[in-house]
Amino acid sequence: MRTALSLLSFLAVSVLILAPMAMADGYSQPQDYQPPAYRKPADGLAAGYYGESCPDMEGIVQRAVKKAFAADYTIAAGLICLFFHDFAVGGCDASILIDAPGSEKYAAASKTLRGFELIEAIKTELEAKCPKTVSCADILTAATRDASREVGVSYWPLVYGRKDGRQSRKEAADKYVPMGRESVTDLVAFFESKGLNVRDLVVLSGAHTIGKASCAAVKPRLCKNKPETLDGKYGDFLRRKCRRGDAEHERVELDGVTPTAFDNGYYKNLERRMGLLETDQKMLHDSRTRSFVQEMAREPEEFKRQFAESMRWLGNVQVLTGSEGEVRSKCSAVNY
């Protein structure tokens, strides 16, 4: 499985460029500092975008997500992950949903993604009620918000009007999506290249409080045998778990203590040296991220509030509006 290091090693250089413009995460910033554009809705996005053209858009999405969550609570982790993968490659344009040879969906980085069928089902219902109106990018954004609410994350308001992209390349996903083995510097650079800050990085990583990862993503951490960063008993458990079967398909809970609860257990696990992924554990030991990890470990409700805030703005990154994209008839295929 290829990693995102080829891109991230390039982006690491941008840390030196972006550092003077550090955001509201404890670093100094110039007096004339302006919030990045993603903190403001892009031109063309509005809370009432579907107010007349599809007034029950949010209700349709919410009901579908509630039904799916009742049948399988793991859909929440699936949608959050799907949304992040879409964001990581060219912004929130629903390019991850395109099902075609050579598309992002077939990248090594996308092997464990799920939620495609739910988004397509919602799109089908919306097309019946409001033909050629609601974009797949907006559906994925709203569904992710509603799934997050189902697991207890604070509500966040959304603006709509995103358009769907027409390009989706497997190579881009394998190049751009972080794979769990990057350095903190690489991850900081990647997030800052998207207009996100260090706090966003730490807070959004907290999504690893639910869901699973493949043993293939875990094994590099086990091979390094660093007791100062990996609890001995937890390491022994992971070695036993990942010794069995196919490393690509054997799955491990990201949070081994409270795997089904969206809580701050992820951060407490890092303090116990029980972070599953190498990149997660590194955040406790890096001076840029440590204080945020410790804050989230102490403040469970603040974590949920901050997660909602970061997700709200993540959904505004590199969106297409107006004539920049299209409204697909099916989320799995571009219009022809």
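The values are calculated or read from the model by the stated rules, or taken from the named source; none is laboratory data. Please read all numbers here as calculations on a predicted model, not as lab measurements. Positions of Cβ are generated from backbone atoms using ideal geometry, with glycine treated the same way; all protein chains shown enter the neighbour counts.
Can you pull out the residues in the range 155-176 that are farther than 16 Å from residue 318 by Cβ and in contact with a Ser or Thr (Cβ under 7 Å, 6 or more places away or on another chain)? Within the range 155-176, 158, 170 qualify. Counting residues in the range 153-173 that are basic (Lys, Arg), modelled with pLDDT of 95 or more and in a strand (DSSP E or B) gives one or more. Within the range 265-307, the set of residues being outside any helix (DSSP H, G or I) and either free of Cβ contacts under 8 Å to residues at least 40 places away in the same chain or within 25 Å of residue 222 (Cβ to Cβ) (or both) comprises 272, 273, 274, 275, 276, 277, 286, 287, 289, 299.
Selection over the range 91-102 of residues that are more than 16 Å from the chain's Cα centre (by Cα) and either within 24 Å of residue 217 (Cα to Cα) or buried (at least 17 other Cβ atoms within 10 Å of the Cβ) (or both) gives a count of 2.
Taking (1) of a type in the set (A, V, I, L, M); (2) out of contact with any Leu (no Cβ under 6 Å at 6 or more places or on another chain); (3) part of a loop (DSSP other than H, G, I, E, B) in turn, residue 113 satisfies each apart from (2). The residues listed here are 105, 111, 67, 132; of these, the one that is surrounded by fewer than 16 Cβ atoms within 10 Å (Cβ to Cβ) and closer than 20 Å to residue 177 by Cα is 111. Each residue in the range 203-228 was checked for being of a type in the set (S, T, N, Q) and either within 16 Å of residue 265 (Cα to Cα) or in contact with a Leu (Cβ under 8 Å, 6 or more places away or on another chain) (or both), and 2 of them qualify. Tallying residues that are in a helix (DSSP H, G or I), touching a residue at least 24 places away in the same chain (Cβ under 8 Å) and more than 14 Å from residue 314 (Cβ to Cβ) within the range 139-152 yields 5. For the range 195-219, taking the residues that are of a type in the set (Ser, Thr, Tyr) and under 14 Å from residue 180 (Cα atoms), the one that is surrounded by the fewest Cβ atoms within 10 Å (Cβ to Cβ) is identified as 214.
Okay, residues lined up against (1) over 29 Å from residue 334 (Cβ atoms); (2) touching a helix residue (DSSP H, G or I) at 6+ places or on another chain (Cβ under 7 Å):
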{"site": "131", "(1), (2)": "no, no"}
{"site": "144", "(1), (2)": "no, yes"}
{"site": "150", "(1), (2)": "yes, yes"}
{"site": "153", "(1), (2)": "yes, yes"}
{"site": "175", "(1), (2)": "no, yes"}
{"site": "178", "(1), (2)": "no, yes"}
{"site": "205", "(1), (2)": "yes, yes"}
